[in-house]
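> This is the structure I want to talk about, given as structure tokens.
Laboratory data are not the source of any read-out in this text; all were calculated from the coordinates shown. Just so it is clear, the model here is predicted, and its values are computed rather than measured.
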Amino acid sequence: MGCCMNLIVHGHHLEVTPSLRAYVEGKMERIRRHFDQVIEANVVLSVDKLRQKAEITLRVRGCNLHAEAVEEDLYAAIDGLMDKLDRQVRRHKDRVQNHDRAPLKHLESPDLADAPGPATP
């Protein structure tokens, strides 16, 4: 993982194996490709009879993003979770980038500067 992100993987009624941890870390690389300003990722993997659930809370500058997925297979739940989170991260990145532009009222239009003003007597 990168040096700036803290990744925490918990298991609820489940022991987090090194292979599960490596799988989650590999999937988080896709998130980091889209948005590298992630502060912390808290992943909770849980098992309840036949339901395998994966949850993540991602702290980025300005807000927290949360996603969860429930499947019969834990690896499929992690895949679904990362798909949801990827969409949220891309949407958050678009929002952040769109608000950095200067307002239109501060931009000088070349058409208006060259246009003749009202005639004064």
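> Step by step: find N for the stretch 6-99, compute 2.2 N^0.38 Å, then divide the Cα radius of gyration by it. What's the final number?
Values: Rg = 13.2 Å, N = 94, 2.2 N^0.38 = 12.4 Å.
Compared with the compact-globule rule of thumb, the stretch 6-99 sits at 1.07.
> If you don't mind, another one. Taking 0.36 nm per residue of sequence separation and subtracting the Cα-Cα distance, how much length would be gained by fully extending the chain between residue 95 and residue 19, in nm to one decimal?
On the way: separation 76, 0.36 × 76 = 27.36 nm, distance 3.47 nm.
Gain on stretching residue 95 to residue 19: 23.9 nm.
> Also, quick follow-up: If you look for lysine pairs in the stretch 6-99 that are eight or more places apart or on different chains, how many of them have Cα atoms under 22 Å apart? Provide the component values of the computation, followed by the final result.
Working: 27/53; 27/84; 27/93; 53/84; 84/93.
Within the stretch 6-99, the lysine pair count is 5.
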